[in-house]
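What follows is a short report on a single structure.
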DNA sequence: TTGAAAGCGATACCAA
DNA sequence: TTGGTATCGCTTTCAA
């Protein structure tokens with residue numbers, strides 16, 4: 001910066017101001033900009049952050065980047081936060097709380113301005129870290145009873161119950177659930193729980209549950225799960241899957257066995273992934289606005305940031321809880 | 001850090017050393033650690049980077065995070081770089097060179113130790129920035145003639161040609177190509193080019209090309225593209241698609257029209273996405289090890305970093321060019 | 001093994 | 001509108 005300053009014949013402060021877009025005469029601004037281009041100067045963000053006491057980072061944690069659900073959420077966050085000069089520090093927890101803790105700890109070293117993370121399953125240490133961080137935190141994709149700070153999500157339990165009722169309305173009684181084996185995927189566990197509760201409430205007898213595969217559940221898990229299900233409970237009328245991915249795999253397995261979906265067996269998914277509208281038969285599912293979760297989370301963070309800064313016109317209170325809309329989408333498969 | 005130091009009854013330097021895992025007596029180490037836990041101290045990475053002149057960031061740019069291809073590559077990079085204490089700064093260019101330039105510029109402010117980016121299509125300014133950065137750079141997914149620095153990829157042109165030959169060997173002559181409309185997706189353009197070259201080389205007459213949709217090409221693009229193709233060239237025998245995603249969409253469109261794949265029309269994809277092995281019929285494709293590209297890129301960067309540091313045992317030269325293996329995978333659809 | 005002092009490259013604050 | 005100075009929190013370097 002000194003080099004730029006002397007080349008432009010001004011002080012470092014003036015260079016700093018030009019870079020920050022603050023008051024400066026047009027002539028000065030031009031000379032400085034010219035010097036910057038000349039030298040190929042790139043300001044050091046670490047120095048800036050240290051000096052100003054504020055970074056330009058927003059920390060974002062998702063369980064998996066390869067699930068389109070979460071990459072959509074990241075896109076939503078990007079769309080909202082980037083225009084405000086925030087850079088996303090993206091971390092992939094791989095559904096492991098210990099890994100999440102490590103990542104949070106590492107990200108906190110960069111003094112992020114705010115933190116968005118997925119779900120409510122954190123280690124005690126992570127929770128303490130988040131609370132002590134002093135920055136706005138939003139947990140996404142669930143509506144935890146005891147959130148760390150803000151929340152943008154929906155009840156996976158209720159959504160799953162609604163799907164069971166939909167299948168029941170279609171006349172099905174022997175309804176099964178295909179989920180993942182992991183205890184760490186809380187959204188998946190909640191959907192299973194919703195299934196169990198509703199099946200019980202409707203008096204449909206013993207739940208038929210097959211749990212197979214690590215999260216993120218992909219289409220490769222659906223086939224084997226469906227095979228196991230048909231082995232154990234061959235008279236199953238309808239299957240709801242923890243996600244559209246496994247539903248697709250399950251439907252493919254049915255086709256291989258010559259079972260017609262939905263005539264021989266109905267199959268429903270969850271999440272309204274692109275595939276469920278494209279494939280044949282199209283998949284009945286629960287639509288969730290993954291991108292919207294990201295947007296809303298980003299907006300909540302910005303509001304909290306504005307409130308913390310005591311900005312004019314900013315409401316003094318945060319948006320503690322944003323409930324995201326979901327809906328059963330009837331299609332061909334169930 | 002001062003607080004930690006005085007609580008532990010040592011100097012700041014000792015705290016710093018304990019944090020860095022350097023020489024310190026066991027007793028000291030314990031007292032310092034205790035003080036850290038007590039106070040919930042989190043070291044400031046910006047200050048550390050400023051002081052030491054080196055950050056812990058590795059910059060990674062991909063065209064899209066929602067394509068499993070690229071998220072797999074990011075996973076590969078993570079697997080290799082993270083154990084070396086590097087934190088990934090991930091950016092999504094959305095296939096826009098101007099956006100890439102903005103992101104590179106912003107990331108360079110954080111003084112990344114190395115840079116991995118996708119493809120060879122950069123603005124002139126981006127190229128200059130990369131060259132001036134002075135850190136190892138790797139371009140992935142292509143084998144550009146004039147790389148910025150290192151390269152890990154394969155020839156999309158050759159791979160596409162190989163697929164055309166495969167289809168020709170199956171007896172097809174009237175072969176079409178379904179691709180995206182964007183001129184900015186170089187991998188897609190190269191595959192198209194490979195198709196055109198090989199069709200011409202084989203004397204199969206005028207190329208039949210349908211270009212439709214923005215990158216990343218998803219399964220939703222395949223159906224309309226196939227519809228347009230059949231409209232214009234109803235007697236097409238085989239179709240190769242720019243990716244498995246569009247191939248899947250195209251096959252679904254065929255099913256809707258009562259066309260049997262591959263009997264009525266053969267369809268091939270590219271990339272060996274999970275879906276192509278799961279769906280029905282399974283999709284003939286070109287397998288590319290996306291995760292491996294990430295791994296190899298990470299390894300090349302680490303080697304370059306070691307060489308730059310003049311490390312004992314490190315070869316003095318970088319791995320300029322890593323050619324990634326690809327192969328046509330015959331399946332049911334073609 | 002430990003400590004003291006200097007400085008990394010910006011920005012905040014106060015003056016001119 | 002511009003400049004000088006102190007300072008952010010850490011690591012490097014040198015000395016004990």
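Only the coordinates and a few stated rules stand behind these numbers; no lab work does. Since this is a predicted model, take the numbers as computed values, not measurements. Cβ placement follows ideal geometry from the backbone for every residue including glycine, while neighbour counts extend to all protein chains displayed.
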Query - Share of pairwise Cα separations in region A:49-173, more than 17 Å, in percent - result: 61 percent
Requested in this report: Run through the other copies and list how far each one's label point is from that of residue B:170, in nm with one decimal, shortest first; the point sits 7 Å from Cα along Cα-Cβ.
Outcome: 3.3
Report summary line: Taking only the Cα positions of chain B, the convex hull volume per residue in Å³ is 158 Å³
Requested in this report: Tell me what chain A gives for mean residue ellipticity at 222 nm when only DSSP H runs of n ≥ 4 count, each as -39,500 (n - 2.57), the sum divided by the residue total, rounded to 500 deg cm²/dmol.
Outcome: -14500 deg cm²/dmol
Requested in this report: Determine the shape class of the protein assembly as shown: with a ≥ b ≥ c the square roots of the Cα gyration tensor eigenvalues, call it rounded for a/c under 1.5, and otherwise prolate if a/b is greater than b/c, oblate otherwise.
Outcome: oblate
Report task. Among B:19, B:143, rank each residue by its count of other Cβ atoms within 10 Å, from fewest to most, as a rough exposure measure. Result -> B:19, B:143
Query raised in the report: Using the Kirkwood radius built from alpha carbon pairs, what does the Stokes-Einstein equation give as D for region A:270-334 at 20 °C and 1.002 mPa s, in µm² per second?
Result: 153 µm²/s
Requested in this report: Rank by packing, highest mean first: peptides A:51-63, B:54-66, with packing defined as the count of other Cβ atoms within 10 Å averaged across residues.
Outcome: B:54-66, A:51-63
Report task. Let me know the Rg and Dmax you get for region A:114-183 when you use only its Cα atoms, in Å. Result -> 16.6, 52
Query raised in the report: Does anyone have the angle between helix B:219-232 and the longest principal axis of chain B? Alpha-carbon axes, 0 to 90°, nearest 10?
Result: 20 degrees
Requested in this report: Pull up the DSSP beta bridges for the protein assembly as shown and report the antiparallel fraction as a percent, rounded to 5.
Outcome: 10 percent
Query raised in the report: Where the label is 7 Å out from Cα toward Cβ, how close does residue B:97 come to the same position in every other copy, in nm, shortest first?
Result: 4.9
Query raised in the report: If you take the Cα Rg of region B:2-120 and divide it by 2.2 N^0.38 Å, with N the number of residues, what do you get?
Result: 1.39
Report summary line: Rounded to the nearest Å, the spacing of the alpha-carbon centers of region B:60-120 and region A:226-244 is 40 Å
**Report entry** Fraction of beta bridges assigned by DSSP in chain B that are antiparallel (%, nearest 5)
**Finding:** 10 percent
Query - Between helix B:97-108 and chain B: long-axis angle, C-alpha atoms, 0 to 90°, nearest 10 - result: 20 degrees
Query raised in the report: What Kirkwood hydrodynamic radius, in Å, does region A:184-235 give when the mean of 1/r is taken over all pairs of distinct Cα atoms and then inverted?
Result: 12.2 Å
Query raised in the report: At residue B:197, with labels set 7 Å past Cα in the Cβ direction, how many nm apart are the copies from this one, shortest first?
Result: 6.0
Requested in this report: Using only Cα positions of region A:172-275, each an equal point scatterer, no hydration layer, compute I(q)/I(0) via Debye at q = 0.13, 0.18, 0.24 Å⁻¹ and quote the log10 values to two decimals.
Outcome: -0.39, -0.77, -1.37
Query raised in the report: Direction-averaged shadow area of the convex hull around the Cα atoms of region B:208-334, nm²?
Result: 9.4 nm²
Report summary line: Longest principal axis of chain A (C-alpha) makes with the long axis of helix A:244-256 (C-alpha) an angle, in degrees to the nearest 10, of 40 degrees
Query raised in the report: Hey, what's the per residue convex hull volume over the C-alpha atoms of region B:1-52, in cubic angstrom?
Result: 69 Å³
Report task. Starting with the highest mean, order B:93-102, B:155-164, A:257-266 by the number of other Cβ atoms within 10 Å, averaged over the residues of each peptide. Result -> B:155-164, B:93-102, A:257-266
Query raised in the report: Tell me, how many Å apart are the Cα centres for region A:23-57 and for region A:185-215?
Result: 56 Å
